[in-house]
Amino acid sequence: MASLTAVPLRRNRDFMLLQFGQLMSTVGSQSTVIAYPLLVLAVTGSPALAGVVGFAKTLAITVFGLPAGLIADRWNRGTVMIAADATGMLAVGTLAVSIVLHETVFWLIPVVAFVEGCTAALFNAALAGALRSVVPGPQLPAAAAVQTGRKAAVMLAGPPLGGFLFGLGRVVPFAFDVVSYLASVVSLRLMRTPFQDV
């Protein structure tokens, strides 16, 4: 870790891999923020049911937040992050397949949103420790600023992107989310830093 102290963040390979994976994953997840209720409206025509999906994801993040923190502290963070992304990818992929096959039922949409909320809580709980592992202490404020700026920009751009992608086809934002999860998993697998050192 001491050898990293003189390396600028932009040349810190593992930090850049972590940021790239998170950029892709966050864009994918934020694009489905608007795509979920649009899909419910397309399937059921009910604005009331569209609100249930957003509630399901928020509920999952709220309820699973504390257990996620305990899991991230006790288990290998890299494994936790990859498992969370793989689970989210499988859940959203299942929804995407149902859309392609024209077999989407309402109950599947909030279930997938709930699972995605749980995996987001788990991933984010492990992410803080991962950042401390790949970035030396003196660079943590700058790294946190980069991460916060990326997240803010993506949260602004993601929903409009999701609406645009949904306009191209119902499955498109969800397929994009699956690819974004895959990009995050690949970036995590390419990292060399063990996440349990701190």
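Any idea what the relative contact order of the chain is, in percent, if you count C-alpha pairs under 8 Å spaced at least 6 apart? Show your work: numbers first, answer last.
Values: 278 pairs, mean separation 86.6, N = 198.
Once normalised by length, the contact order is 44 percent.
From the helices alone, meaning DSSP H stretches of at least four residues, give me the mean residue ellipticity at 222 nm for the chain, per-run term -39500 (n - 2.57), in deg cm²/dmol to the nearest 500.
Details: 6 runs with 159 residues, N = 198.
It lands at -28500 deg cm²/dmol.
Pull out a ≥ b ≥ c, the square roots of the eigenvalues of the alpha-carbon gyration tensor of segment 106-153, then state rounded if a/c is under 1.5, prolate if not and a/b is larger than b/c, and oblate in the remaining case.
Since a/c reaches 1.5 but b/c is at least a/b, the shape of segment 106-153 is classed as oblate.
Can you send over the carbon and sulfur percentage of the accessible area for segment 52-114, probe radius 1.4 Å, protein chains only?
Exposed carbon and sulfur together represent 76 percent of the surface.
Quick one: helix 172-190 against the long Cα principal axis of the chain, what's the angle to the nearest 10°, folded into 0 to 90?
20 degrees
Give, rounded to the nearest 20 debye, the magnitude of the charge dipole that the chain has about its Cα centre when Lys and Arg contribute +1 at Cβ and Asp and Glu contribute -1 at Cβ.
Numbers: 12 positive and 7 negative charges, 106 e Å.
The dipole of the chain has a size of about 520 debye.
What whole-number volume per residue, in cubic angstrom, does the convex hull of the C-alpha atoms of segment 42-97 give?
72 Å³
How many angstrom lie between the Cα centre of segment 159-189 and the Cα centre of segment 72-138?
About 13 Å separates the Cα centre of segment 159-189 from the one of segment 72-138.
Given segment 125-198 reduced to its alpha-carbon atoms as identical point scatterers, what log10 I(q)/I(0) does the Debye formula return at q = 0.15, 0.27 Å⁻¹?
-0.69, -1.22
Given a Förster distance of 30 Å, report the FRET efficiency between Thr62 and Arg150 from their Cβ-Cβ distance, rounded to the nearest 0.05. Walk me through the numbers on the way to the answer.
Numbers: r = 23 Å, r/R0 = 0.78.
Efficiency for this residue pair is about 0.80.
Hey, what does the equivalent ellipsoid look like for segment 1-67, semi-axes from the Cα gyration tensor as sqrt of 5 times each eigenvalue, largest first, whole Å? Before the final figure, lay out the partial values.
Working: eigenvalues 299, 47, 6 Å².
Computed over segment 1-67, the values are 39, 15, 6 Å.
Please report, to two decimal places, log10 I(q)/I(0) for segment 70-187 at q = 0.18, 0.21, 0.23 Å⁻¹ as given by the Debye formula with identical point scatterers on the Cα atoms and no solvent.
-1.04, -1.26, -1.37
Using Cα atoms only, what is the angle between the long axis of helix 13-44 and the major principal axis of the chain, expressed in degrees (0 to 90) to the nearest 10?
10 degrees
Report D for segment 1-126 in µm² per second (integer): Stokes-Einstein, Kirkwood Rh on Cα pairs, 25 °C, 0.890 mPa s. Numbers along the way, then the final one.
On the way: Rh = 16.0 Å.
Rounded, D is 153 µm²/s.
Scattering from the C-alpha atoms of segment 77-128 alone, worked out with Debye: what is log10 I(q)/I(0) at q = 0.15, 0.20, 0.28, 0.31 1/Å?
-0.43, -0.65, -0.97, -1.09
Please give the helix 77-100 orientation as an angle from the longest Cα principal axis of the chain, in degrees from 0 to 90, rounded to the nearest 10.
In the chain, helix 77-100 runs at an angle near 20 degrees to the longest axis.
For a Förster distance of 35 Å, can you work out the FRET efficiency between the beta-carbons of Val100 and Phe55, rounded to the nearest 0.05? Mind dumping the intermediate values first?
Details: r = 26 Å, r/R0 = 0.75.
The formula returns an efficiency of 0.85 here.
Can you figure out the FRET efficiency of Trp107 with Val186, using R₀ = 35 Å and their beta-carbon distance, to the nearest 0.05?
Rounded to the nearest 0.05, the efficiency is 0.65.
The values are calculated or read from the model by the stated rules, or taken from the named source; none is laboratory data. Bear in mind that the values here come from a model prediction, so they are computed numbers and not experimental data. Please note: Cβ atoms are built from the backbone with ideal geometry, for glycine as well, and neighbour counts cover all protein chains shown. Quick note on the areas: whole protein, heavy atoms, side chains included, nothing else; ligands and nucleic acids left out. Shrake-Rupley method; radii C 1.70, N 1.55, O 1.52, S 1.80 Å.
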